[in-house]
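One structure is given here, and the rest of the page talks about it.
The values are calculated or read from the model by the stated rules, or taken from the named source; none is laboratory data. No experiment lies behind these values; they were computed from the predicted model shown. All Cβ positions, even for glycine, are placed from backbone atoms using ideal geometry, and neighbour counts span all protein chains on display. Ligands, DNA and RNA are excluded from the accessible area calculation, which covers all protein heavy atoms including side chains. Shrake-Rupley method; radii C 1.70, N 1.55, O 1.52, S 1.80 Å.
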Amino acid sequence: MDNYYLIKFILDRKYDELIQLNIFNFETIGFEVDDPIEKMEILKELPEWDIAEFDIKDENNISYGVYFEDSEKGLKEISKFLDFMNQNIEDFEYEKELIDNSNWEEEWKKSYKSFEIGKSILVKPSWEESRDTDRIIIEIDPKMAFGTGTHETTSMCMEYVEQMDMKDRDILDIGCGSGILSILSKKLNAKNVDACDIDQIAVDSTIENSNINNVEVNAFISDLFSNVEKKYDIIFANILAEILVKMLSETNEYLKEKGILILSGIIREKENLVLQALEENDFELIDKVYKNDWVLLSARRKNV
């Protein structure tokens, strides 16, 4: 499919939680957020000559882009999405465009630049020239998949994972998006990395990005554990809190005895929801990390 519909809109920051918590209720094929506060964090890591290319808007407003199929199904989802927005946001305004995938990628190339994460990671778009660095370089061609490292939930995971001993571990990355966490795991010497997502675009993107980085990641379609067949030392899940709660009821079957869970994508208001689910499923908390409005939780089985 070559064409896509893009719904663009700008909202006051107070609506961000509403968008982040509800966007997955609609069958989209892409979702992008242009948050000036997050962008300023990236700018701190950029060379001075790159900064001029960024357009920093009023930090109280966030720009969004939601992509839908150019099909009868896509048009129905657009209608549902716009009904939801009009019901929850007074005087909601938006722009609707019919675009093709190549144009979308070209727009990404104008704004997506190399940036550093944590103490040892450099995320670099595949079209940029290589630079001399001691950091672990992860090359990403984002396409239309989630998880390119710019959002707090992904960068938190990467910062947490870079401190872990990944050598010879079996890893599962649930909701893999662009594959960035899977690729990092392989570059930290994980033995086997499986990556799954409910979205075919994400699976294809993970395969392509792992090839760009010359690492082996087994990516496949799966609704949480529906197509998972093994046990793992570490399971990443950077997805919404409500989905994490559902996942935790099935996790024991796929986690090794001393395995570790790393859970992100949790907005602070939903933290207790996930903590309660961990307790109900006999997991104990190892660590908790906050970054702005988001929290990462790591856990393991009790009495191990």
Practice item. Please determine, by comparing only the residues of the stretch 274-304 that are open to solvent by 70 Å² or more (accessible area, probe 1.4 Å) and in contact with a helix residue (DSSP H, G or I) (Cβ under 6 Å, 6 or more places away or on another chain), which one is nearest to M247 (Cα to Cα). Key: D293
Exercise for review: For the stretch 258-266, indicate whether the set of residues that are touching a helix residue (DSSP H, G or I) at 6+ places or on another chain (Cβ under 7 Å) and over 21 Å from S155 (Cβ atoms) is non-empty.
Suggested key: no
Point to revise | Pick from the stretch 160-175, criterion of a type in the set (D, E, K, R) and at pLDDT 95 or above, ranking: most open to solvent (accessible area, probe 1.4 Å) | key: R169
Check your understanding: Of all the residues that make up the stretch 205-216, how many are surrounded by fewer than 19 Cβ atoms within 10 Å (Cβ to Cβ) and assigned to a loop (DSSP other than H, G, I, E, B)?
Key -> 3
Check your understanding: For the stretch 176-196, how many residues meet the condition of being buried (at least 20 other Cβ atoms within 10 Å of the Cβ), closer than 18 Å to N227 by Cβ, modelled with pLDDT of 90 or more and out of contact with any Ser or Thr (no Cβ under 7 Å at 6 or more places or on another chain)?
Key -> 1
Point to revise | Residue list for the stretch 13-57, filter: open to solvent by less than 40 Å² (accessible area, probe 1.4 Å), modelled with pLDDT of 75 or more, under 28 Å from R131 (Cβ atoms) and under 17 Å from the mean Cα position of the chain (by Cα) | key: D35
Check your understanding: Is there any pair with a first residue in the stretch 130-143 that is modelled with pLDDT under 80 and a second that is surrounded by fewer than 16 Cβ atoms within 10 Å (Cβ to Cβ) and polar (S, T, N, Q) whose Cβ atoms are under 8 Å apart and which are 6 or more apart or on different chains, and what are they?
Key -> D141/S126
**Study point:** One residue from L224, L244, L261 being in a helix (DSSP H, G or I) and either open to solvent by less than 10 Å² (accessible area, probe 1.4 Å) or touching a strand residue (DSSP E or B) at 6+ places or on another chain (Cβ under 7 Å) (or both)
**Key:** L244
Study note, to complete from the structure: The condition of being modelled with pLDDT under 90, among the hydrophobic types (A, V, I, L, M, F, W, C) and buried (at least 17 other Cβ atoms within 10 Å of the Cβ) holds, among A219, A202, only for A202
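May I ask you to verify whether I10 is crowded, with 17+ Cβ neighbours inside 10 Å, at pLDDT 75 or above and over 19 Å from V123 (Cβ atoms)?
For I10, the condition - crowded, with 17+ Cβ neighbours inside 10 Å, at pLDDT 75 or above and over 19 Å from V123 (Cβ atoms) - is not met.
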